[in-house]
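Q: Submitted below is the structure of interest, expressed as structure tokens.
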Amino acid sequence: MGFAISGSPANATALVGDTTVIRYDDRYTESVKTLAASIPGAQLVAVKGLGRTMEVTVGGSWAGAQKVTVTAKPS
């Protein structure tokens with residue numbers, strides 16, 4: 001979908017159930033909007049100190065990611 005991957009996919013340390021979870025640093029509330037739009041229904045969880053990395057843990061209801069087109073806001 002065009003997102004940069006910072007490492008190899010790995011198994012989560014704990015099960016998340018049916019809901020896909022996106023963890024992000026609360027300083028990046030604007031940046032996470034694009035990733036969240038690509039994964040409808042994902043739960044957003046702010047994690048202090050995570051930095052620029054956003055972690056996606058796929059839940060049982062995962063239906064895949066969708067392509068998102070970002071456009072500039074009119075000034």
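Q: Mind giving me the FRET efficiency for residue 27 and residue 5? R0 is 25 Å, r the Cβ-Cβ distance, nearest 0.05 is fine. Before the final figure, lay out each step's value.
A: Working: r = 21 Å, r/R0 = 0.84.
Calculated value: 0.75.
Q: Each residue of the range 6-21 in turn: what ³J(HN,Hα) in whole Hz from Karplus with 6.51, -1.76, 1.60 and θ = phi - 60°, glycine and Pro shown as x?
A: Calculated HN-Hα couplings, in order: 8, x, 6, x, 9, 6, 5, 6, 8, 6, 10, x, 7, 8, 6, 10 Hz.
Q: Taking the convex hull of the Cα atoms, report for the range 19-58 its projected area averaged over all directions, in nm².
A: Working: hull surface 9.5 nm².
Quarter of the Cα hull surface area: 2.4 nm².
Q: Also, quick follow-up: Might you report the magnitude of the Cβ-based charge dipole of the chain about its Cα centre, with Lys and Arg at +1 and Asp and Glu at -1, to the nearest 20 debye?
A: Numbers: 7 positive and 5 negative charges, 45 e Å.
Dipole magnitude for the chain comes out near 220 debye.
Q: Out of residues 5 or more away from residue 43 or on other chains, whose amide H comes under 5 Å of its own, with H placed 1.01 Å from N in the peptide plane?
A: So residue 43 has HN proximity to 20, 21, 22.
Q: Moving on to the next point. Consider just the alpha-carbon atoms of the chain and return their Rg together with their Dmax, both in angstrom.
A: Radius of gyration, then largest Cα-Cα span, for the chain: 12.9, 44 Å.
Q: Starting from the range 1-57, pick out the chymotrypsin sites (Phe, Trp or Tyr not before Pro) whose DSSP state is loop and whose Cβ has at most 16 other Cβ atoms within 10 Å.
A: Numbers: sites: 3, 24, 28; in loops: 3.
Taking the range 1-57 and a limit of 16 other Cβ atoms within 10 Å, the loop chymotrypsin sites (Phe, Trp or Tyr not before Pro) found are 3.
Q: Related question: In nanometres, what is the gap between the two model label sites at residue 66 and residue 12, each 7 Å from Cα along Cα-to-Cβ?
A: 2.1 nm
Q: Within the chain, which is the longest segment that contains none of the trypsin sites (Lys or Arg not before Pro) sitting in a DSSP loop with at most 15 other Cβ atoms within 10 Å?
A: Numbers: sites that count: 48, 52, 67.
No qualifying site falls inside 1-47, the longest such stretch.
Readers should treat all values here as calculations from the given coordinates under stated rules, not as data from a laboratory. All figures in this text were calculated on a predicted structure; none of them were measured in a lab. Note: ideal-geometry Cβ built from the backbone for every residue, glycine included; neighbour counts use all protein chains shown.
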